[in-house]
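The values are calculated or read from the model by the stated rules, or taken from the named source; none is laboratory data. These figures come from a predicted structure and were not determined experimentally. Using ideal geometry, Cβ is built from the backbone for each residue, glycine included, and neighbour counts are taken over all protein chains shown. Ligands, DNA and RNA are stripped out before the accessible areas are found, and what is left, the full protein with its side chains, is counted by its heavy atoms. Shrake-Rupley method; radii C 1.70, N 1.55, O 1.52, S 1.80 Å.
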Amino acid sequence: MTNAFLPFTRPAIDADTIAAVADVLRSGWITSGPQVQAFEKALSERCGGRPVRAFNSGTATLEVALRLAKVGAGDTVITTPLTWVATANVILEVGATPVFVDVDPVTRNIDLDQLDAAITPQTKAVIPVDLAGLPVDRDRLYAIAGQHGIRVVEDAAQSFGAAWNGKPIGSTGDFVSFSFHANKNLTTGEGGALVLPDDVDPALCERLRLQGVKRFPDGSMDVDVLGGKSNLTDIAAAIGLGQLKRIDEFTARRRVLARRYFERLDPAPGLALPPADFANSNWHMFQPLLPTGTDRGRFVAAMKERGIGVGVHYPALHLFGLYRQYGFKAGDFPHAEDIGRRTVSLPLFPAMRDEDVDRVCAALTEVLTKVLA
Ligand SMILES: Cc1ncc(COP(=O)(O)O)c(C=O)c1O
């Protein structure tokens, strides 16, 4: 086993979950139905009883949140350039203009001083991202948003199971968007969920999720708003229900493994380690920054030769071709660019053994000090 390939992540799907999925497949009802309703109820219980609606992705949840916040043409939305590109793409999808501000070099999340300074009368919303599961400072974030009267769409795609000062992410705040993509701490294969604020009608959220259709008790229907098609299937919801039962166990195990990385990883070759947060973060990813100037492609290849998968999450997105077309360029956001060039995601998933961490640490030191030196 020791030399089996170690991926950077792997979902933990147990036999009970597989059996539950098989039951759904045999049931005769496989699209959105009772499993989705049960999943939404269970998610809501974890989110302080707030309304939660399930979707087929954490991109759809962000886009629908922006629509529910009435963000559109003529509005700007501020976000971080150091995130999965979905966070910014949805701003363009609704016809608004993305505005980026740099990240804090320590937390790697949006720099809240720069956010405060960037807000203008055109700013309608901010999308903060809890990168790697480390929550953005919610107290400061909501103080700024409240002062300027802007909406918050929390991109908590990576922070399900994390907390801010003891309160689960999702249990407070404005819109909160989760992703249940295969690599996330809680997965439904593909999927997402949106936690709704008090001023939003959950029925409107449901219509935006499914073609705008409104059904009446007499069996007739109307369409009064343009909705998309982003409902979750019962097959996926059954996976989510199985995952939800174990999410606290998963988070606890991730924290143990992350702690071991801090104990065993030798930062001597010039690594920069992530913030050692064991109170709030769900340790979605463990991401050291390689020494400046390291050829990351060669590093990833050398780790692979040693049977270890390494991910890259993420290059700064304002340097992608699409965003360059909007005028963004190298040098605009130096911290995001530096982190985006140096970041690597080391293996971290609940089924990993302690010895796997040791193996990764030994390989990393060997690669940096002998192979690439
Ligand atoms: C920060 C962030 N935002 C948004 C998304 C989009 O979620 P999905 O892939 O479920 O559409 C992801 C998923 O990778 C993400 O990591």
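Here is how the numbers come out for the structure above:
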item: Extended-chain gain in nm, criterion 0.36 nm per residue less alpha-carbon gap, LYS167 and GLN122; result: 13.0 nm
item: Formal net charge of residues neighbouring VAL360 (Cβ-Cβ distance under 15 Å; K, R +1; D, E -1); result: +1
item: Taking only Cα atoms of the range 190-318, radius of gyration then Dmax in Å; result: 22.3, 71
item: The range 172-278: relative contact order in percent, alpha carbon pairs under 8 Å with at least 6 residues between; result: 20 percent
item: The chain, dipole about Cα centre (Lys/Arg Cβ +1, Asp/Glu Cβ -1), debye to the nearest 20; result: 660 debye
item: Gyration tensor verdict on the range 1-76 (Cα atoms; rounded if a/c is under 1.5, prolate if a/b is larger than b/c, oblate otherwise); result: oblate
item: Positive-end residue, the chain charge dipole about Cα centroid, Cβ charges, pick of ILE18, ALA252, GLY33; result: ILE18
item: If the convex hull is drawn through the Cα atoms of the chain, its volume per residue in Å³; result: 140 Å³
item: Heavy-atom accessible surface of the chain: percent carbon and sulfur, 1.4 Å; result: 54 percent
item: Theoretical FRET efficiency, 1/(1+(r/R0)^6), r = Cβ-Cβ of ARG264 and ALA182, R0 25 Å, to 0.05; result: 0.35
item: Distance in nm between pseudo-label sites at GLN211 and LEU92 (7 Å out along the Cβ direction from Cα); result: 2.9 nm
item: Å² of accessible area per residue within the range 201-351, as computed with a 1.4 Å probe and no ligands counted; result: 46 Å²
item: Cα gyration tensor category, rounded, prolate or oblate, for the range 28-123 with a/c compared to 1.5; result: prolate
item: Accessible-area value, TRP29, 1.4 Å probe, nucleic acids and ligands omitted, Å²; result: 130 Å²
item: Using a Förster distance of 30 Å, the FRET efficiency for ASP248-VAL85 (Cβ separation, nearest 0.05); result: 0.45
item: Length released on extending from ARG324 to GLU355, taking residue separation times 0.36 nm less the Cα-Cα span; result: 6.8 nm
item: Relative contact order [Cα under 8 Å, 6+ residues apart], the chain, whole percent; result: 23 percent
item: Hypothetical label at VAL106: residues of the range 246-270 whose amide nitrogen lies under 16 Å (7 Å Cα-Cβ projection); result: none
item: Per residue accessible area in Å² of the range 16-159, where ligands, DNA and RNA are left out and the probe is 1.4 Å; result: 38 Å²
item: Contour minus Cα-Cα distance for LYS70 and PHE278 (0.36 nm per residue); result: 71.2 nm
item: Reach of LYS70 by Cα under 16 Å, taken over lysines that are not fewer than 8 positions away in the same chain; result: LYS124
item: Estimated inter-spin distance, THR292 and ASP224, nm [label 7 Å along Cα→Cβ]; result: 5.9 nm
item: Reachable aspartates and glutamates, given that their alpha-carbon falls under 18 Å from the alpha-carbon of LYS184 and they are not under 8 places away in the same chain; result: ASP14, GLU40, ASP130, GLU154, ASP155, ASP248, GLU249
item: Förster-model FRET efficiency, 35 Å R0, ILE13 and VAL371, C-beta, rounded to 0.05; result: 0.50
item: The chain - mean residue ellipticity at 222 nm from DSSP helices (-39,500 (n - 2.57) per run, n ≥ 4, rounded to 500); result: -11000 deg cm²/dmol
